[in-house]
Amino acid sequence: MRIIYPTLKSKSWSFNHRGFVPAENLAVAFAKFGSFIANVATLVGLGLYISDRRPTLATKSGPEALGIVVYLTLLVAVFYGVLWIVAEWIRKSNYGAGGAGRMPAGWDAVVLSLTLTLPLGIVPVVYQHLTGVAIVYQLHWRAFFILLLLGAGSHLLIYGTDSEKPNGLRQRILPEGGNPDYTRAVSMEATYGLIFFSLMVVPYRLIANPTQSLPDLVFGRTLLPALTFVCGMAFFIVIKFPRSMNDPIWIQTRGLVGGILTAFCLCGGMFM
C-alpha cells in the first residue's frame, strides 16, 4: 500500500482522503492570515506612533498629526503619478507600473527616482506655506538635495544601469519573466524597504534635525515605516497570488498600491 504524504506541490492526498485540506491550500491560508495580521499590526502601529510622538517642530500632534501625514501622502502620491506619466511621455517609454513586463534602468531609473523625491521635497513646503502648520525644518532644502542624490543612487542600485547584462538587485532577486515566486517577491519588497528607508529617511532626518533621539530615528522613523511597507505589500501579493505576479492588470495594481504605501511610509518617517 502506497502512502501519499501532503506536500506543497501535490494535492493528491486531499482527493483520496475526503474531509482534509490540501497542504498547499493550508500553507496559502496561513500565509494570507499571517500577512493580514502583520499588515494590520504594522499599519496601526505606525499610525499610533505618528499620533503619539511629540516632535519639536510640529504645531500639531495626536490624530491631527496623523491626518496631516495622510494629506501629504495623497498629495505626494498624486504628484508622483503625474510626474511619472509625464516622464514616460517625454522619454517615449511605457513601463506600465511594472505591467509592461520590463523595468526602468539607467537614466529611466534616475527619472523614476525624481518623480518620487521631488514631491517629497516640494509638497510639504507648499502645504506648510498654505496652512501655516510647521512641517519642515530650516535645513529642509539641504537635506532635500541629499535626498535627490541618494534617491537616484538607490534606484540605480535596485534597477541597475543601461548595461546589456542586467545588473540591478531587482533583476537578481526577482528576474523578469520568471515563474511566480512568493518568497522572492516578498524578498524584493523587503529589499525596497531596506534601501529606501535607510538611504532616504535616515540621511534626511540626520541633516534636517540632527538633535533628534537615535531610538526615534532608527525604530520609529525607519524600521517601523519600512516594516509597514513590506507587510502591506506582502499582504497584497499573497491575496492575489499568482495573478499579482503574472497578470499585467494586477501587476499594475500592485505598483499603484506600492506607490501609495511608499508615499505614506516615507511621509510618516520623514515629516511631523
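The values are calculated or read from the model by the stated rules, or taken from the named source; none is laboratory data. All of these numbers come straight from a predicted model, not from anything done at the bench. Note that each Cβ is placed from the backbone with ideal geometry, even for glycine, and that neighbours are counted across all protein chains shown.
Those residues that are over 19 Å from Thr191 (Cβ atoms) and buried (at least 18 other Cβ atoms within 10 Å of the Cβ), I need them from region 218-251; list them, please.
Within region 218-251, Gly220, Arg221, Trp250 qualify.
Does Pro210 satisfy the condition of being touching a Pro at 6+ places or on another chain (Cβ under 6 Å) and either surrounded by fewer than 16 Cβ atoms within 10 Å (Cβ to Cβ) or not basic (Lys, Arg) (or both)?
When the stated conditions are applied, Pro210 does not pass them.
Could you please find all residues in region 230-247 being under 18 Å from Phe264 (Cα atoms) and touching a residue at least 40 places away in the same chain (Cβ under 8 Å)?
Across region 230-247, the qualifying residues are Val230, Cys231, Gly232, Met233, Ala234, Phe235.
Out of Arg91, Arg170, which single residue is among the charged types (D, E, K, R), in contact (Cβ under 8 Å) with a residue 60 or more places away in the chain, at negative phi and out of contact with any strand residue (DSSP E or B) (no Cβ under 7 Å at 6 or more places or on another chain)?
None of the others qualify; the one that does is Arg170.
Considering only region 133-145, state which residues are touching a residue at least 60 places away in the same chain (Cβ under 8 Å), surrounded by fewer than 18 Cβ atoms within 10 Å (Cβ to Cβ) and either of a type outside the set (A, V, I, L, M) or part of a helix (DSSP H, G or I) (or both).
If the condition is that a residue be touching a residue at least 60 places away in the same chain (Cβ under 8 Å), surrounded by fewer than 18 Cβ atoms within 10 Å (Cβ to Cβ) and either of a type outside the set (A, V, I, L, M) or part of a helix (DSSP H, G or I) (or both), then Arg142 is the only one that fits.
Return the residues of region 227-255 that are of a type in the set (A, V, I, L, M) and either over 13 Å from the mean Cα position of the chain (by Cα) or closer than 18 Å to Leu174 by Cβ (or both); say none if nothing qualifies.
Within region 227-255, Val230, Met233, Ala234, Ile237, Val238, Ile239, Met245, Ile249, Ile251 qualify.
Quick one: what pairs do we get from region 103-114, first residue in a helix (DSSP H, G or I), second of a type in the set (A, V, I, L, M, F, W, C), C-beta under 7 Å, 6+ apart or different chains?
What qualifies is Ala109/Leu156; Val110/Ala152; Val110/Leu156; Val111/Ala87; Leu112/Trp84; Ser113/Ala152.
Just give me the residues in region 256-272 being within 16 Å of the chain's Cα centre (by Cα) and of a type in the set (A, V, I, L, M), in sequence order.
If the condition is that a residue be within 16 Å of the chain's Cα centre (by Cα) and of a type in the set (A, V, I, L, M), then Leu256, Val257, Ile260, Leu261, Ala263, Leu266, Met270 are the ones that fit.
Looking at this structure, is Tyr204 among the aromatic types (Phe, Trp, Tyr), touching a residue at least 24 places away in the same chain (Cβ under 8 Å) and surrounded by fewer than 22 Cβ atoms within 10 Å (Cβ to Cβ)?
no
I need the full set of residues from region 172-192 which are over 21 Å from Leu261 (Cα atoms) and modelled with pLDDT under 90, in order please.
Pro175, Glu176, Gly177, Gly178, Asn179, Pro180, Asp181
Could you check how many residues of region 162-202 are within 18 Å of the chain's Cα centre (by Cα) and either of a type outside the set (Asp, Glu) or over 30 Å from Pro124 (Cα atoms) (or both)?
Total satisfying the criteria: 26.
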